[in-house]
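Okay, so here's the structure we're looking at.
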Amino acid sequence: MILNYFTPRLNPGNFIPSGPSKTGMESLKFSINPAQLPKHIAIIMDGNGRWAKMQGQDRLFGHYHGVESVRITVEACAELGVGYLTLYAFSTENWERPVQEVSGLMELLVDTIRKEVPTLNKNNIRLHVIGNTGMLPEKTMTVLGEAIKETSVNTGLNLIMALSYSSRWEMGEAARQLGMDVKAGKLDPETIDQYCFQKYLCTRDFPDPELMIRTSGEHRISNFLLYQLAYAELYFTSVLWPDFRKEHLYEAILDFQTRERRFGKTSEQLG
Ligand code: IPE
Ligand code: IPE
Ligand code: MG
């Protein structure tokens, strides 16, 4: 799962990966209680641009290196037995970025997906995409469609890429679809409640995330799964996405496992 295509164009300079030794990392992994794994982890992969800038490089350089973190994180989740991993890869607002960055990101996406399909299949990973995919270039749509189809029988980790996604877009779209179904006589408006509404969201087939991680030190949600994160545990790390490694994921999961999830009840009631 490595971005060989881009490697010759990259020059990581003096970058020295930090973090615990292999043994330290293994002990972090073994400290995780497998019975209390979050069923669904959602990640806002942020900080690629700053990572590149720190090295005097173009923003795309950060995105290229971010792919390696995606590969490592997907692998770690599959190894642990996490059921669902949603990665926020491109927001509807990100279309407003400079044209060169947007087209570079789309190119990177197509190349990565194309190359990764055999590895996804080898690891029994099923790919899904959520978002306003109609805005994606045709080539991207084709490659994504093929990858989704080719991995559709896999039964291990569900990898959900949020592409051209924003929560407000998703909710607006859900409201529009609901309205259409009412108009067509398929839905009685009296029966609309939160459970009915959920069926109109792009995430209808997935459980809500239990752990949401954002990298790069930003403490905001940036239009990501606003509805679905209602009771997610939020974890923020200052690590920039291209530096994100398995140990950072393990740390987030270990932190999650220390939380008391009360869902509005009292501690005593949870007893
Ligand atoms: C996240 O990194 C990737 C995308 C939004 C596509 P950024 O590109 O936002 O990096 P920063 O936040 O500017 O450092
Ligand atoms: C959120 O990051 C979107 C993705 C990671 C894909 P942004 O970098 O776009 O978010 P803001 O602008 O800092 O809120
Ligand atoms: Mg950012």
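The values are calculated or read from the model by the stated rules, or taken from the named source; none is laboratory data. Small disclaimer: the values here were computed from a predicted structure and weren't measured. Here Cβ is always computed from backbone atoms with ideal geometry, including for glycine, and neighbour counts include all displayed protein chains. Side chains are part of the model used for accessible areas, which takes the heavy atoms of the whole protein and leaves out ligands, DNA and RNA. Shrake-Rupley method; radii C 1.70, N 1.55, O 1.52, S 1.80 Å.
At a glance:
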{"quantity": "Enumeration of residues in region 175-202 that are within 21 Å of the chain's Cα centre (by Cα) and either of a type in the set (K, R) or not in a loop (DSSP other than H, G, I, E, B) (or both)", "calculated": "Q198, K199"}
{"quantity": "Answer residue from region 203-225, given it is closer than 20 Å to N132 by Cα and among the charged types (D, E, K, R) and is nearest to the chain's Cα centre (by Cα) among those", "calculated": "D208"}
{"quantity": "Hits in region 199-224 - residues which are within 13 Å of ligand 2 (Cβ to nearest atom) and in contact with a Leu (Cβ under 9 Å, 6 or more places away or on another chain)", "calculated": "M212, I213, R214, T215, S216, G217, H219, I221"}
{"quantity": "Scan of region 145-174 for residues that are within 16 Å of ligand 1 (Cβ to nearest atom) and outside any strand (DSSP E or B), ordered by number", "calculated": "S166, S167, W169"}
{"quantity": "Region 229-260: number of residues that are without any contact (Cβ under 8 Å) to a residue 40 or more places away in the chain, assigned to a loop (DSSP other than H, G, I, E, B) and more than 13 Å from ligand 1 (Cβ to nearest atom)", "calculated": "6"}
{"quantity": "Looking only at region 48-77, and only at residues there that are away from ligand 1 (no atom under 11 Å from the Cβ), among the charged types (D, E, K, R) and in a helix (DSSP H, G or I), the one that is most open to solvent (accessible area, probe 1.4 Å)", "calculated": "E75"}
{"quantity": "The listed residue being among the aliphatic types (A, V, I, L, M) and either open to solvent by 70 Å² or more (accessible area, probe 1.4 Å) or within 14 Å of ligand 2 (Cβ to nearest atom) (or both), out of L249, L234, L240, L187", "calculated": "L240"}
{"quantity": "The listed residue being touching a residue at least 12 places away in the same chain (Cβ under 8 Å), more than 10 Å from ligand 2 (Cβ to nearest atom) and buried (at least 21 other Cβ atoms within 10 Å of the Cβ), out of L85, L80", "calculated": "L85"}
